[in-house]
1. Can you report the number of residues in region 193-230 which are within 19 Å of Ala137 (Cβ to Cβ) and in a helix (DSSP H, G or I)?
2. Looking at Phe57 and the list (1) farther than 27 Å from Gln179 by Cβ; (2) touching a strand residue (DSSP E or B) at 6+ places or on another chain (Cβ under 8 Å), which single condition is not satisfied?
3. Which pairs do you get when a residue that is in the same structural domain as Leu31 (by TED's automatic domain parsing) and in contact (Cβ under 8 Å) with a residue 40 or more places away in the chain, found in region 54-70, comes within reach of a residue that is surrounded by fewer than 11 Cβ atoms within 10 Å (Cβ to Cβ) and in a helix (DSSP H, G or I), reach meaning Cβ atoms under 9 angstrom, with the pair 6+ apart or on two chains?
4. Would you say Ser116 is part of a loop (DSSP other than H, G, I, E, B) and either within 21 Å of Arg225 (Cα to Cα) or at pLDDT 95 or above (or both)?
5. Out of the residues in region 84-96 meeting the condition of being basic (Lys, Arg) and in contact (Cβ under 8 Å) with a residue 24 or more places away in the chain, tell me which one is surrounded by the most Cβ atoms within 10 Å (Cβ to Cβ).
6. Could you tell me which numbered condition Ala36 fails, if it satisfies all but one of (1) in the same structural domain as Met153 (by TED's automatic domain parsing); (2) under 19 Å from the mean Cα position of the chain (by Cα); (3) under 23 Å from Leu180 (Cα atoms)?
7. Looking at (1) modelled with pLDDT of 90 or more; (2) within 20 Å of the chain's Cα centre (by Cα); (3) among the aliphatic types (A, V, I, L, M), find the lone condition where Ile89 falls short.
8. Considering only residues of region 97-125 that are small (Gly, Ala, Ser) and surrounded by fewer than 15 Cβ atoms within 10 Å (Cβ to Cβ), which is farthest from Val30 (Cα to Cα)?
Amino acid sequence: MHRVAIHRAEQVDGEGADPLAPTSLTDEIVLRLENAILEGVYPPGTRLRQDELCVRFGVSRTPVREALRTLQARNLVEVMANRGATVRIPSRKDAAELYDVRAELEGYACELAARSPTPQLLGALSVAQGRLDRLVARVQRSGSASPSVQVQMHRANEEFHRTIHRAVGNDRLVAMIEQLEHSFPTEYIGPAMTGADEVWALNAGEHAEVRDAIARSDGASARERMRSHVLHLSAVVLRYLDARGFWR
């Protein structure tokens, strides 16, 4: 199993770093800063000054400010008035519990969606997954994924999950899931830490199993497939961070 190379955040200061795509400045800044924090480039307590980040990325203050707000929502920085942003990290226990709860809620959402799968739902899932399949195939062919491709994969992955959530009709459940999703990095760093086979499993194979179970109106299977999918992601993320001493 060969490993998929991902352009890491250490490149932000070096020559040859991928240019930021003008259509997703905030997303790519989030991606690079997030990876830098997770890699230990910016350890806990590091001050992230907006002016320095603007110069580093060659952008205005607006996308940098938005990126820092996103990282604050993911519990990776603390933004304080007149003091800027400081890197912080959650505990391993917090991260593991977040994934456990998310797995149960997303599984329940799939069970609800499987009760009455409409052609519109199944078609939307196929469209979202088709986009993700093409990106996964692109990464496997090239053996690498630029920040822009990582952002596109995240959006396609998110759209697959959101399509299921929209079909449920339970606003409170969806709000709880989305809050958990945004409380700790997940999809952005998934491809960066796994081999090609696991990239495919997390982004294509397991999604296909979820969709097929929903199409069969098999709520129990749909629930368990999605639950296993989220727990797989949890294991990958925690293993990656454990190996790098992230929690010290």
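The values are calculated or read from the model by the stated rules, or taken from the named source; none is laboratory data. Being a predicted model, the structure only gives us computed values, none of them experimental. Cβ sites come from the backbone with ideal geometry, for glycine too, and all protein chains shown count toward neighbours.
1. Our first condition is that a residue be within 19 Å of Ala137 (Cβ to Cβ); within region 193-230, this holds for 194-209, 211.
Next, only the ones that are in a helix (DSSP H, G or I) stay: 196-209, 211.
Residues in region 193-230 being within 19 Å of Ala137 (Cβ to Cβ) and in a helix (DSSP H, G or I): 15 in total.
2. Of the numbered conditions (1) farther than 27 Å from Gln179 by Cβ; (2) touching a strand residue (DSSP E or B) at 6+ places or on another chain (Cβ under 8 Å), the odd one out for Phe57 is (2).
3. Note: pairs meeting the criteria are Arg56/Asp13.
4. On the way: part of a loop (DSSP other than H, G, I, E, B): yes; either within 21 Å of Arg225 (Cα to Cα) or at pLDDT 95 or above (or both): yes.
The answer is yes for Ser116.
5. Applying the first criterion (basic (Lys, Arg)) to region 84-96 yields 88, 92-93.
In the following step, the residues that additionally are in contact (Cβ under 8 Å) with a residue 24 or more places away in the chain were identified as 88, 92.
Values: Arg88: 15, Arg92: 13.
Here the residue is Arg88.
6. Exception for Ala36: condition (1).
7. (1)
8. Initial filter on region 97-125 (small (Gly, Ala, Ser)): 103, 107, 109, 113-114, 116, 123-124.
Now drop any that are not surrounded by fewer than 15 Cβ atoms within 10 Å (Cβ to Cβ), which leaves 116, 123.
Values: Ser116: 37, Gly123: 31 Å.
Result: Ser116.
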